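The values are calculated or read from the model by the stated rules, or taken from the named source; none is laboratory data. For clarity, every value in this text was computed on a predicted model and none was experimentally measured. Please note: Cβ atoms are built from the backbone with ideal geometry, for glycine as well, and neighbour counts cover all protein chains shown. When the accessible area is computed, the model is the full protein with side chains, heavy atoms only, and any ligands, DNA or RNA have been set aside. Shrake-Rupley method; radii C 1.70, N 1.55, O 1.52, S 1.80 Å.
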Amino acid sequence: MPRSTTIAELRSLVAAWTPAPLARSGDCIATGAPAIDAALGGGLPRGRATELVSAAPGSGGELAFGALLASTRAARQRIALIDAADGFDPCSHPPDLLRHLVWVRARSLAEALGCADLLVRDGNYAVLVLDVRGVPARILRQQPTSAWHRLRLAAEQNPGAVLVRSATGFFPAVPWRLVLRTTAHLGDLRRTRADRVAALTAEVERGHAGAREELAG
Amino acid sequence: MNFAALWVPDFALLAVQRSEPALAGRPVALITGEGRKAVVVLASPEAGRVTPGLAVPLATARCPGLQLRERDPAAEVETQRLLLAAGFALSPRVESTAPGCCTVDLQGADAARTEAGMHRQVLELRQLGLPVRIGAGQTPLLARYAARRAAPVLIVGEREEFLRDLPLDFAEPGATHLAVLHGWGIRTLGALTALPKAEIGIRLGLAGAELWERAKGEAPSVLRLTEPARTFVAEWTYEPPVESAEPLLFKLRRFAERVAMELRSAGLVAEALSLTLLLEDETDYRREFRLPEPGADVDSWLRVLQTHLDTVRLSERVAGVRLVATPARPEHRQDGLFDTGLTDPNSFWENLARLSALVGSERVGTPVPLNSHAPDAFRLERPADIVPAPEPPTVHPQRGGVLRRFRPPLPARVILENAKPAALDGAVRGEILASSGPHVLRGDWWKPQPWAVEIWQVELAGGGLYQLTRTAGGWWIDGVLD
């Protein structure tokens, strides 16, 4: 039997036993932040979890989220924010940018994960954002790894994108992890938000091999 | 009602009966052991006086037509997956507790809808040959007790009243403890829990105290959640291999029933089926079927498969069969005049109701900033049925910081120099490199309790922009300008 036939057979065998992602390869949701979209090949991949790390205060995590709100609002897509530390400030955004948002103000990480478990399978949201910044690292470490694997696997079986926002990269086996490296100064607040979003810098800390292949098409 | 348990009595026997069409309506017994030591473990009602523990020769003497079978692990796995699929139809948080039993976390679910869902699952599983019972209660253990008493659905309201007359064996005491408790005249859970737990602990030790907790239905239990099905595959090996299409179609129906239920529980449909027949000479026959209309209707799947199998002629006997369903999302409906703009409106509103029950209805919704300058003034509204078209962009582009709030604000001490913040101390500390402010906000001056705050934005020497508030009560850190 020629070698190529063997590999083809093996691939079809593996394909039969591993779940086919529901999302089409390359299908993604633009975040509106050029640095993030460029790093991810167009935006948040559907049917995948992505971790966005905002390590330092002022690194632009909220700016990037504002851009995502604007981008999904323009497309009239729904977005859910599960806020584990209740830090989102709606008054920082124009009211019209919030009309497609469902905000869940969780009181603990466990509660937030329970909510994510429900919403990730909902099917009505283009993006599910789970924000765990503000959750102490000790509490994050106490959470069983299986809970994060469960979220990742659920993301792979659903058409929306899952974005986890953290202060330190912790999400095990996440296909994509981006770190925001921007440093903000007081004078920057006088610039337009669009300018500041355009100036955000994002670095790919982790890009799963399979995810890179998808990106390459 | 926080938890539900789905329980199938005589599970191992039912799994065997479901996998063999010839056993329908006939006396069947599951046996264990070999030769003369073989004894009956479970027997179907048709077996009459054959009871568990009976030696096989005696059992066949009592019931001459008795069919003897051993446990079938593959059939049990297949049947357990069907049971789990029914669990996932109630909630995504399901534990495969034991063969024939799964526990479902229902916290936050709407009680009336969930109860209706339980009755639906009972009906559906009964049609598939699985007489399930469902119990619900405040704890996983209570739900399992209720399932054992259900006919076919039982929701425990008054825990004490429900537990009072349950026999002791529900709490699974060891033989020694059971003998001791019977010696004391205790035969029900109510009688046991009427005694002080500490006294039971002194006399029966730690195991006795744990037994008391189980009798109370309170034993701590964290669900070990099972992942919902990710692959929609079913496979069976025939021993001996089969020659006709009849046993194939029987097995394919069982597969299709389970796979369709898994798909429905996940809110999916099948867009294609793949059938593989494993032949005796270790080759295989494979065929893909793209369904005319994606769906999870078992009868339409089987029509497609049967029509094809009727035309197939194989040179070898069939040693195994595999069915794979390719999942897809149900097709989006065309937007209409009364369209809600949601892919799955039922799931959307049901999940919102569950979230409201989990975190509180005042903590879920679409935020709407209030027409006020008061800090952090917003309300949460019910999400819109249809996401409206965006408003045209404003003439003046958006500027300023985007705040990430600390709720509640963190108390701080601020050292001033020339009436400007120079250093910050508190949960965040450091020398202040630059500041902007004060931006004075006042409101409700016409009310008995007017408010006034000074807002400052500061940049720390170590990095980071923060928003500070000065009130009559002192300085506060509102959050990070991110």
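Region B:336-454 holds strands (runs of 3 or more DSSP E) entirely within its bounds, and those carrying 3 or more residues that are surrounded by fewer than 14 Cβ atoms within 10 Å (Cβ to Cβ) map to B:403-417, B:430-443. Under the condition of being part of a strand (DSSP E or B) and touching a Pro at 6+ places or on another chain (Cβ under 8 Å), the residues counted in region A:38-58 number 3. Looking across region A:96-113, the residues that are within 7 Å of chain B (Cβ to nearest Cβ) and either under 24 Å from A:Arg193 (Cβ atoms) or open to solvent by 10 Å² or more (accessible area, probe 1.4 Å) (or both) come down to A:Asp96, A:Leu98, A:Arg99, A:His100, A:Leu101, A:Val102, A:Trp103, A:Arg105, A:Arg107, A:Glu111.
Restricting attention to region A:163-192, the residues that are aliphatic (A, V, I, L, M), in contact with a helix residue (DSSP H, G or I) (Cβ under 9 Å, 6 or more places away or on another chain) and under 18 Å from A:Pro57 (Cα atoms) total 6.
Just to confirm my filter: which helices (runs of 4 or more DSSP H) fall fully inside region A:137-217 and include at least 3 residues that are at pLDDT 90 or above?
Of the helices (runs of 4 or more DSSP H) lying wholly inside region A:137-217, those with at least 3 residues that are at pLDDT 90 or above span A:137-142, A:145-156, A:193-198.
When each of B:Leu279, B:Leu263, B:Leu275 is tested for being open to solvent by less than 50 Å² (accessible area, probe 1.4 Å), under 20 Å from B:Ala89 (Cβ atoms) and not hydroxyl-bearing (Ser, Thr, Tyr), the lone residue that passes is B:Leu263. Among the conditions (1) more than 23 Å from B:Glu213 (Cβ to Cβ); (2) hydrophobic (A, V, I, L, M, F, W, C); (3) surrounded by fewer than 21 Cβ atoms within 10 Å (Cβ to Cβ), B:Ile134 misses just one, which is (3). Residues that are in contact with a strand residue (DSSP E or B) (Cβ under 6 Å, 6 or more places away or on another chain) and part of a strand (DSSP E or B) were ranked within region B:84-104; the one that is surrounded by the fewest Cβ atoms within 10 Å (Cβ to Cβ) is B:Ser96. Under the condition of being farther than 22 Å from A:Leu63 by Cα and either touching a Leu at 6+ places or on another chain (Cβ under 6 Å) or modelled with pLDDT under 90 (or both), the residues counted in region B:441-470 number 13. Just to be sure before I move on: is A:Arg133 crowded, with 17+ Cβ neighbours inside 10 Å, closer than 23 Å to B:Leu352 by Cα and either of a type in the set (Lys, Arg) or modelled with pLDDT of 95 or more (or both) in the structure I sent? Spelling it out, it is not the case that A:Arg133 is crowded, with 17+ Cβ neighbours inside 10 Å, closer than 23 Å to B:Leu352 by Cα and either of a type in the set (Lys, Arg) or modelled with pLDDT of 95 or more (or both). Looking at B:Ala256, B:Ala245, just one residue is surrounded by fewer than 16 Cβ atoms within 10 Å (Cβ to Cβ), touching a helix residue (DSSP H, G or I) at 6+ places or on another chain (Cβ under 8 Å) and of a type outside the set (Asp, Glu), and that residue is B:Ala245. Number of residues in region B:413-443 that are touching a residue at least 60 places away in the same chain (Cβ under 8 Å) and touching a Ser or Thr at 6+ places or on another chain (Cβ under 6 Å) equals 0. Whenever a residue of region A:71-95 is more than 8 Å from every other protein chain (Cβ to nearest Cβ) and modelled with pLDDT of 95 or more, its partners that are open to solvent by 30 Å² or more (accessible area, probe 1.4 Å) and in a strand (DSSP E or B), lying with C-beta atoms within less than 7 angstrom and at least six residues away or across chains, give the pairs A:Asp83/A:Arg105. The set of residues in region A:48-63 being within 9 Å of another protein chain (Cβ to nearest Cβ) and open to solvent by less than 30 Å² (accessible area, probe 1.4 Å) consists of A:Ser54, A:Gly58, A:Ser59, A:Gly60, A:Gly61, A:Glu62, A:Leu63.
If the condition is being farther than 19 Å from B:Arg404 by Cβ, out of contact with any Asp or Glu (no Cβ under 9 Å at 6 or more places or on another chain) and not aromatic (Phe, Trp, Tyr), then region A:119-136 contributes A:Leu119, A:Val120, A:Arg121, A:Ala126.
Being in a helix (DSSP H, G or I) and either within 30 Å of A:Ala106 (Cα to Cα) or open to solvent by less than 50 Å² (accessible area, probe 1.4 Å) (or both) is the filter here, so list the residues in region B:105-123 that pass it.
The answer is B:Ala111, B:Ala112, B:Arg113, B:Thr114, B:Glu115, B:Ala116, B:Gly117, B:Met118, B:Gln121, B:Val122.
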